[in-house]
1. Kindly express, to the nearest 10 degrees and within the range 0 to 90, the angle between helix 131-148's C-alpha long axis and the longest C-alpha principal axis of the chain.
2. Normalised by the empirical 2.2 N^0.38 Å for globular proteins, what value does the Cα Rg of the range 80-169 take?
3. Taking the Cα atoms of the range 117-165, report the difference between the largest and smallest coordinate on each principal axis, in whole Å and largest first.
4. Using a Förster radius of 25 Å, what is the FRET efficiency between Thr147 and Ser120 based on their Cβ-Cβ separation? Nearest 0.05, please.
5. Tell me, what is the Rg over Rh of the chain, with Rh the Kirkwood radius over Cα pairs?
6. Spelling out what I want: for every residue of the range 82-89, take phi, set θ = phi - 60°, compute 6.51 cos²θ - 1.76 cosθ + 1.60 (Karplus), and round to whole Hz; glycine and proline get x.
7. Compute the helix-to-body angle for 61-70: its Cα long axis versus the longest principal axis of the chain, expressed 0 to 90° and rounded to tens.
8. Where does helix 95-106 land angle-wise versus the long Cα axis of the chain, in degrees 0 to 90, nearest 10?
Amino acid sequence: MKLTSRSVSRALLVSSLVVATTGGALVLATSAVAATTLGASAAQTGRYFGTAVAANKLSDSTYVGILNREFTMVTAENEMKIDATEPNQNQFSYGNADRIVSHAKAQGMRVRGHTLAWHSQQPGWMQNMEGSALRSAMLNHVTQVATHYKGQLYAWDVVNEAFADGSSGARRDSNLQRSGNDWIEAAFRAARAADPAVKLCYNDYNTDDWSHAKTQAVYRMVQDFKSRGVPIDCVGLQSHFNPQSPVPSNYQTTLSSFAALGVDVQITELDIEGSGSAQAANYQRVVSACLAVARCNGITVWGIRDTDSWRASGTPLLFDGSGNKKAAYTSTLNALNAGGGTDPTTTTTTTTTTTTNPPLPGGCTAAVSLNSWNGGFVATVKVTAGSTAINGWTVTLALPSGATVTNSWNVQRSGNSWTNVAYNGRVSAGQSTEFGFQGTGVGTGMEPSCTAS
Ligand code: G3I
């Protein structure tokens, strides 16, 4: 049997039946077959594996072949930036960005938006602005662009690179920063108002080492936002590594520390300069660190082939200039297939599975996994389609007495009804999607049931 469809190629671990005859006796053996693409292997643990895409490469058949085969998430490398989407004030331009979104959608990939507010790649008209005029223009940009893509994206890097390098732990000086220290939260609130379902992320580089002042400063900002109810759902670690800025030994601590604040953590622009087994080992370390943290839910590499990279001379990516898989590809795939480890952000892990509407045509099941600590929990709810695809789902799930929800993702909630959002309603036969929420109190004893629509 030849399995060719994209959904099958992204299937979870499958059991294969090996049949052989030995001296007339029939020998049956089952073995686990590892997924063979980055996207499929990441999906085994509920994660995505993405890449940055440049619109002008969508006519390159080698590039597109790898893109479509390997990846489940796309970030526009430059096409959603401020200079691209609002080249003249109040004149919006979405052509190249829309081409990337259309391509991704047609391939069943999701899209991370990058980026709404940034000191760099501002169009000339914005570079010349300051103060309240700039604040208004920035908020208008956030509102207009987030509205244009409302319901279409998985996440937005709402604000990019707002902190200074070095030991100060201060904000980076920029015209945006000079408009008032609250510019970041203002951007997040405007993004939430424009697109309530998209995940809102803060994204930065040199925030990989837990001991660095910049990492600590971003951590304190996210902690402050969570405590004051500023809408933030995720933190992106760009993770551009090279010999001067290697993968830190405490990388997993950084990931788990951010996750413990109640946000998703995503590796958003991964590239690691080098070659051969040393580079492969570094990719393996990064991927394994992510898989060891429950809320590190996706990895994006910053380009496909080495020649596509902004740092091409450092050969930092997973495919060589001809599109061949490098050793780093293999180590990445193997690390993804090895699955997750333990998550130091959690103190206890229990899993409750309740199956209703058993896997009949048109049905779905729901199962909840719980990571609990003293006073709180993160619940991950897995929705699985039955023997036919479903186009929408609602999970009925009551909170235990005394528990409250502080944050949820990949879902719309109305009381005890938890319904799909735009990008995760369709689930192929036998496949799954996940949503989650963080709560206070005790989360044990939840009994979800699922209804397909
Ligand atoms: O498209 C023009 C081309 O017409 C012109 O001839 C050429 C001459 O310089 O420039 C081309 O545009 C370049 C563009 O990349 C497309 O290749 C810009 O000059 C160049 O500045 C731009 O660089 C991008 C860089 O962000 C700008 O800050 C890189 O592609 C992009 O990979 C990089 O991405 C950033 C993330 O957004 C944020 N984190 C860091 C990351 C790496 O720098």
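Bear in mind these aren't lab numbers, they're just calculated from the coordinates by the rules spelled out. Note that the structure is predicted; figures quoted are calculated from it, not measured. Cβ placement follows ideal geometry from the backbone for every residue including glycine, while neighbour counts extend to all protein chains displayed.
1. It is inclined by approximately 30 degrees.
2. Normalised by 2.2 N^0.38 Å, the Cα Rg of the range 80-169 equals 1.17.
3. 32, 27, 17
4. 0.60
5. A ratio of 0.97.
6. Karplus-based 3J(HN,Hα) across the range 82-89 equals 5, 5, 7, 8, 9, x, 10, 4 Hz.
7. So the helix axis and the longest Cα principal axis differ by about 60 degrees.
8. On a 0 to 90 degree scale, this one is about 10.
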